[in-house]
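Quick notes on the structure that follows.
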Amino acid sequence: MGTKKFYITTPIYYPNNPPHIGTAYTTVIADIIARYKQSLGYDVFFLTGTDEHGMKIFREAKKRGFNVKEFVDKQAEVFKKAWSKLLISYNRFIRTTDRDHEETVKEILKKMYEKGDIYKGYYEGFYCVDCERYYTPKDLKNGLCPIHLRPVEKLKMESYFFKLSAYRDKLLKLYEENPEFLPERYRNEVISKVKEELRDISISRPKEYLEWGIPLPFDENHVAYVWIDALLNYVSGVGYYVNKEEFSKYWPPDMQLIGKDILWFHTVIWPAVLMSAGLKLPRRVLAHGFITVGGRKVSKSAGAKSLDHYVDKYGADNIRYYLSRKFSPFKDVEFDEEELRNMVNSELANTLGNFVTRAFALYNRYFEVLVSAEKKDLVIEEKLKKAVENVLANVDKFIDELKVKELIEEIMRIVFMLNNYFNEKEPWKLAKNKQYKEFIKVMFNSFETLIFIAALLYPVIPKAMSTLFKHLGYSRSLKITELKDYGKNIDFRKLEKVKPILFAKL
Ligand code: MSP
């Protein structure tokens, strides 16, 4: 049987400002999912990147006195650096100014045009540049953009339209037949909106309004609307134009993670565009709520601090751990630094970290006893074995159901269990009393369980867990699929004689 593939995406972010904790939220969760799938033996492709065309970027560049391309080049680097500090393991960082992306957009738009799904018309209505989207008078709040509460712009221009309305029945059929395509929490909302008001959408702007974009293949005087351009990153990102082999291997996406703000684009416009272009549809789009600070959605315009600020202050592992322990596909979650410190201190530093320190202290002290243990002394503690095997059997299911938080809680339960086991058995007393047989059993099961914990938590806190793997005698971190059965992994002769400090207390 060949390896199963898993293609996962994040939205591509507007690079006008550096990433903040809200953008990190989606990216970290996607990274953790990608790493779990990889650990489970899937052939993973993880795509993220930057959305570089459109009015918002154009104006921001001008405002700061930059040539637009130079501006986005600089900003894309800022993103890449921030993601690397946060240990994000993407396979490709796509930029919508990448040449293969531009060619992809042209090719797909040409297909849609030839199919008769694109026509020329006249657009008149409202537009919010911050959202980069059109609004009807009904959508506005006291005449303002409902998201940013700022004035919208009145646009009047010649434009090409995509016949979205023609896809109404096909979309409804998709939601009906593939219920997992839609995020559960928003299912009814999307379906009723599609039933009520599915209008054709404007997908281009004349060049005299905006030059900064991809020219339409059938009319050079227009550039593609930034959202049509952006959505197609998921197609170009896996090689549609440059690497057909890669494309046919990974397409379609298995999981597309987004924030709830861009639901309509991803669950309505996006599948319709793909239907029009004759491409297979993603298996599922999954949305989450917002990260808030003081109850307000984190965003640069609301004064958010940069991601780097937090990563420098707390470290990548701690930020990753906190964001994933808080993750919810159903509701907004508050980013609370005090909670972060308490959570990290109590769960990582005081429980896991402290346990590792104590276990290694005993290992160092009674090294001779442990390395001379015979095979028959290595007796398995059934309750620990069961606990580990239970979680292992559920990882894939939890990840598919986006139960990232719940999975980590399950793993942490083993950590607590192990800690209690140690405290109950008091191996330091056993050793002191020379009850070596029992001592070896406790130490053996402790370290054996630890190696499973290291593999299970590696996708969440890769830095600390790769150090732990080293201490446990492995030159690199192991995938879940590389672990042997419980009881067959630890070799006392290979452990490092160290005083590990995996987590500094905050
Ligand atoms: N460029 C578009 C997306 C195009 S995808 C084809 C865009 N960019 S954005 O920079 O505004 O990022 C939006 C995404 O960032 C959200 O959908 C979400 O994934 C993430 N978040 C930004 N702020 C967030 C919070 N405060 N909380 C949670 N996620 C947030 O829209």
For the range 60-96 versus the range 403-433, the gap between their alpha-carbon centres in whole angstrom
43
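Would you work out if the range 302-341 is rounded, prolate or oblate? Take a ≥ b ≥ c from the square roots of the eigenvalues of the alpha-carbon gyration tensor; rounded if a/c is under 1.5, else prolate when a/b is larger than b/c, oblate otherwise. Numbers along the way, then the final one.
Details: a/c = 1.95, a/b = 1.29, b/c = 1.50.
It is oblate, given that a/c is not under 1.5 and a/b is not larger than b/c.
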In whole angstrom, the spacing between the Cα centers of the range 189-256 and the range 455-503 equals 44
From the cross-link list Lys110/Lys249; Lys383/Lys441; Lys313/Lys505, the entries with a Cα-Cα span beyond 20 Å are Lys110/Lys249
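Taking the Cβ of Leu149 as the center, what net charge do the other residues with Cβ under 11 Å away carry, scoring Lys and Arg +1 and Asp and Glu -1?
+1
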Sorting Phe218, Trp270, Tyr167 by the position of each Cα along the dipole of the chain (Lys, Arg +1; Asp, Glu -1; all at Cβ), the one nearest the positive end of that ordering is Trp270
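Using mean Cβ contacts within 10 Å as the protection proxy, how do 278-286, 5-13 order, highest first? Numbers along the way, then the final one.
Numbers: 278-286: 17.7, 5-13: 23.7.
Highest mean packing first, the order is 5-13, 278-286.
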If you put +1 on each Lys and Arg Cβ and -1 on each Asp and Glu Cβ, how big is the dipole of the range 279-353 around its Cα centre, in Debye rounded to 20?
580
Given a 1.4 Å probe and every protein chain left where it sits, what share in percent of the accessible area of the chain is carbon and sulfur?
48
Just how far, in whole angstrom, is the range 370-399 from the range 15-59 if you go by their alpha carbon centroids?
35
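Counting only DSSP beta bridges with both residues in the range 210-360, tell me the antiparallel percent, nearest 5.
Approximately 40 percent, going by the DSSP bridge assignments.
Please state, to two decimals, what the Cα-based radius of gyration of the range 1-153 comes to when divided by 2.2 N^0.38 Å (N = residues).
Working: Rg = 18.7 Å, N = 153, 2.2 N^0.38 = 14.9 Å.
This ratio for the range 1-153 stands at 1.25.
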Could you pull out every one of the aspartates and glutamates with an alpha carbon less than 12 Å from that of Lys429, ignoring same-chain neighbours closer than 8 positions?
Glu438
Helix 404-425: inclination vs the chain longest Cα principal axis, degrees, rounded to 10, gives 10
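Looking at the square roots a ≥ b ≥ c of the eigenvalues of the Cα gyration tensor of the range 161-245, which shape do they give, rounded for a/c under 1.5, prolate if a/b is larger than b/c, or oblate?
Note, shape of the range 161-245 comes out oblate.
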Test item: Cα-centred dipole of the chain, Lys/Arg +1 and Asp/Glu -1 on Cβ, debye
1160
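Treating only the Cβ of Lys, Arg, Asp and Glu as charged (+1, +1, -1, -1), what charge dipole size does the range 337-482 show about its Cα centre? Round to the nearest 20 debye.
On the way: 22 positive and 21 negative charges, 138 e Å.
Charge dipole of the range 337-482: 660 debye, to the nearest 20.
Pairs to check: Lys69/Lys297; Lys297/Lys326; Lys425/Lys484; Lys37/Lys397. Give those whose C-alpha atoms are more than 19 Å from each other in this structure. Walk me through the numbers before you get to the answer.
Values: Lys69/Lys297 30 Å; Lys297/Lys326 15 Å; Lys425/Lys484 26 Å; Lys37/Lys397 11 Å.
Result: Lys69/Lys297; Lys425/Lys484 exceed 19 Å.
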Averaged per residue, what accessible area in Å² does the chain show with a 1.4 Å probe, protein chains only?
43
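How big, on average over all directions, is the shadow cast by the Cα convex hull of the range 337-482, in nm²?
On the way: hull surface 37.5 nm².
For the range 337-482, averaging the hull's shadow over all directions gives 9.4 nm².
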If you line up the long axis of helix 187-196 against the longest principal axis of the chain, both from Cα atoms, how many degrees apart are they, to the nearest 10?
10
Using a 1.4 Å probe and counting only protein heavy atoms, arrange Phe398, Phe46 so the residue with the most accessible area comes first.
Phe398, Phe46
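Given a cut-off of 20 Å, name the pairs among Lys173/Lys403; Lys106/Lys280; Lys141/Lys195; Lys4/Lys244 whose C-alpha atoms lie farther apart than that in the structure shown. Write down the numbers at each step before the final one.
Values: Lys173/Lys403 27 Å; Lys106/Lys280 18 Å; Lys141/Lys195 23 Å; Lys4/Lys244 18 Å.
Distance filter (> 20 Å) returns Lys173/Lys403; Lys141/Lys195.
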Any idea what angle helix 21-39 forms with the longest principal axis of the chain, computed on alpha-carbon atoms, 0 to 90 degrees, nearest 10?
60
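Which value, in Å to one decimal place, does the Kirkwood hydrodynamic radius take for the chain when every pair of different Cα atoms is included? Intermediate values should be presented prior to the final figure.
On the way: mean 1/r = 0.0401 Å⁻¹.
Hydrodynamic radius (Kirkwood, Cα only) of the chain equals 24.9 Å.
The values are calculated or read from the model by the stated rules, or taken from the named source; none is laboratory data. Just so it is clear, the model here is predicted, and its values are computed rather than measured. Using ideal geometry, Cβ is built from the backbone for each residue, glycine included, and neighbour counts are taken over all protein chains shown. Only protein heavy atoms, including side chains, enter the accessible area calculation; ligands, DNA and RNA are left aside. Shrake-Rupley method; radii C 1.70, N 1.55, O 1.52, S 1.80 Å.
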